[in-house]
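The values are calculated or read from the model by the stated rules, or taken from the named source; none is laboratory data. Everything numeric here is computed off the predicted structure, so don't read it as measured data. Virtual Cβ from ideal backbone geometry, glycine too; neighbours counted across all protein chains shown.
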Amino acid sequence: MVEFADILDGIEKSVEPPPRDAGRAYRLFEATFDLNDHAAPEPPKPQPRELPRSGFERLIDAYNQFMKPDPAAAARAEKPVPPPNYAAILADLRRRKRSVEELSALRRSVAWTCHPDRAPDDQRHRAIAFMAEFNAELDAAMARRRKSDNERRAAG
């Protein structure tokens with residue numbers, strides 16, 4: 001992944017100021033006041049200058065320079081991801097006793113892997129049904145765990 005500092009370095013390197021002509025001012029001064037006894041030289045012709053690039057254009061240049069396509073990412077994107085085993089996840093939830101913190105972490109990890117928005121279109125209805133069932137089971141398990149924790153504190 002490209003770091004923001006690398007992008008800024010690329011922008012700074014891509015925008016180098018043109019070299020200054022130190023003798024230009026002196027030549028203009030000499031031509032204006034005719035320091036020599038000969039006829040004044042022709043005034044220098046204006047040279048076409050490249051317009052300064054906007055910040056947006058420099059940003060696009062840096063983006064194009066550092067964000068070249070990654071062949072490994074393309075290979076990963078082409079490999080299909082197998083669907084999660086919904087039955088095994090529910091069986092594990094019902095089988096193991098977990099703390100409330102572990103159950104919250106499990107909810108986040110299952111939501112990340114099994115959320116209906118991440119499922120293929122043909123599997124979306126199964127993912128919706130699974131997430132509804134999983135969340136109901138998880139809420140019941142968390143309620144049981146909190147109740148047992150409260151009873152243990154009251155007895156102790």
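Screening residue 53 on (1) within 30 Å of residue 7 (Cα to Cα); (2) free of Cβ contacts under 8 Å to residues at least 40 places away in the same chain; (3) loosely packed, with under 12 Cβ neighbours inside 10 Å shows it passes everything except condition (3).
Looking across region 32-60 at every residue that is among the hydrophobic types (A, V, I, L, M, F, W, C) and modelled with pLDDT under 80, the one that is farthest from residue 10 (Cα to Cα) is identified as 39.
Here is a yes/no grid of residues against (1) surrounded by 13 or more Cβ atoms within 10 Å (Cβ to Cβ); (2) at pLDDT 90 or above; (3) of a type outside the set (Phe, Trp, Tyr):
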| residue | (1), (2), (3) |
| --- | --- |
| 86 | yes, no, no |
| 90 | yes, no, yes |
| 94 | no, no, yes |
| 97 | no, no, yes |
| 105 | no, yes, yes |
| 110 | yes, yes, yes |
| 118 | yes, no, yes |
| 121 | no, no, yes |
| 128 | yes, yes, yes |
